[in-house]
Amino acid sequence: MKRILAGLFSIVLCGLTTSCQTHENAQTERSAPDFMPLTEIVDGRDNVYLIVKVLENSSYWDVIIEGARDAGNALGCNVYYSGSYVETDWASHERLLGEASAAGADAIVLAPDDSVNLSGKIDEIYQEGIPLVLIDTIANTDNYDVCYMTDNLMAGQEAAKEMLSLLEKQGTDTSAPAQVGIQVGATSSLTIIERLAGFFQYWSKYAPPSWEVIPDIKCNEGDTEKALVCAEELLEYPDLKGVFGANNGSTVGFAKVIREQERKDIAVVGFDYSEEIAGLIMDDDYTVSTILQKQYDMGYQGVETALSLKDGEEMPVKFIDTGVIVVDQDTIGQEDVQEVLSHN
């Protein structure tokens, strides 16, 4: 089994590398803006700086920003925020970390664009003694105080479980060829790598031998227009029966194209919640579910914990799983789902 998983994951990484080659130098032309006030700014209060991955056209990150704003207002601190316009622009995150430090940040809440390339700057900030809380994505270093995020390996397994369930629901022949296409927002994020590892781990164990994941995993770099192109390319595969969007932007891309092409024969498993995926879930003609993260909690608890750390509290653990919920037509009316959706 380990050899099978290793082989499958090698295919994943190869597919990611191949599909991103045409865009490897396509960093955004728009550098991250200066920090902006997220709450009312009052002299004498603690200053928390929030850095997110995507500033525009992302319902996922909008909810994280909302959570941070609510925490700042409730706890009486100043919150400033900025971030990149695409998830590959880690250089802007590196600059913003330096600017937050120079501005005298009492604490920083960061969702790192790149888990590896930012590790050096994260080390530097941590060694300066600035409380540092990671959200959404962990970094390739131990030099941070705590990380609030989804257990992405488990979430990836849940996504594969949902995909197999939806394919069965729509009557896909287990003895005939069937393909599943995958799209991601970034290749350098440990969040995405872990989700794919979990997906393939579950898929390799439970999927029928005649079903396969298309090796050409598409990467849109957090660009909404590229997400549409990636979706269109995958929908051209003749044996395609399902698609998996490993993050919000990829899911939106799939949802838009599947709606436009009226591909009611395609099972969709996504991540997070948006107007586009909600529309498909509520339409009886489509077979859809999405893995709903609790990103509002990431934003709120990130700011809350940052203030506690500034006041001298120490965290007993380095990782806190904020959890996920599967949303489909059967679960969308449940109280726990509605509570999370109230922030979306």
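The values are calculated or read from the model by the stated rules, or taken from the named source; none is laboratory data. No experiment lies behind these values; they were computed from the predicted model shown. No Cβ is skipped: glycine too gets one built from the backbone with ideal geometry, and neighbour counts run over all protein chains shown.
Annotations for the structure displayed:
- TYR148 vs. criteria more than 22 Å from GLU194 (Cβ to Cβ) and among the hydroxyl-bearing types (Ser, Thr, Tyr): no
Okay, residues lined up against (1) surrounded by fewer than 16 Cβ atoms within 10 Å (Cβ to Cβ); (2) touching a residue at least 40 places away in the same chain (Cβ under 8 Å); (3) among the acidic types (Asp, Glu); (4) farther than 17 Å from GLY185 by Cβ:
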residue: ALA100; (1), (2), (3), (4): no, yes, no, yes
residue: ALA105; (1), (2), (3), (4): no, yes, no, yes
residue: ALA111; (1), (2), (3), (4): no, yes, no, no
residue: SER119; (1), (2), (3), (4): no, no, no, yes
residue: ILE122; (1), (2), (3), (4): no, no, no, yes
residue: PRO131; (1), (2), (3), (4): no, yes, no, yes
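- Selection of first residues in the stretch 327-344 that are over 13 Å from SER289 (Cβ atoms) and of second residues that are among the polar types (S, T, N, Q), restricted to Cβ pairs under 9 Å at least 6 apart or on distinct chains, gives the following pairs, ordered by first then second residue: VAL340/GLN293; HIS343/GLN295; ASN344/SER59; ASN344/SER274; ASN344/GLN295.
- Residue match in the stretch 66-80 (condition: closer than 30 Å to LYS241 by Cα, over 17 Å from the mean Cα position of the chain (by Cα) and either without any contact (Cβ under 8 Å) to a residue 12 or more places away in the chain or outside any loop (DSSP other than H, G, I, E, B) (or both)): no
- Matching residues in the stretch 316-344 - criterion: being under 19 Å from ILE65 (Cα atoms) and part of a loop (DSSP other than H, G, I, E, B): THR322, GLY323, SER342, HIS343, ASN344
- Identity of the residue in the stretch 237-251, assigned to a strand (DSSP E or B) and aliphatic (A, V, I, L, M), that ends up farthest from ALA159 (Cα to Cα): LEU240
- With respect to the conditions (1) at pLDDT 95 or above; (2) within 20 Å of the chain's Cα centre (by Cα); (3) charged (D, E, K, R); (4) in a loop (DSSP other than H, G, I, E, B), ASP142 lacks only one, and its number is (2).
- The numbered conditions (1) among the small types (Gly, Ala, Ser); (2) crowded, with 17+ Cβ neighbours inside 10 Å; (3) over 15 Å from LEU240 (Cα atoms) are all true for GLY181 except (3).
- Among the residues of the stretch 298-314, at least one is surrounded by 18 or more Cβ atoms within 10 Å (Cβ to Cβ), within 27 Å of PHE244 (Cβ to Cβ) and in contact with a strand residue (DSSP E or B) (Cβ under 8 Å, 6 or more places away or on another chain).
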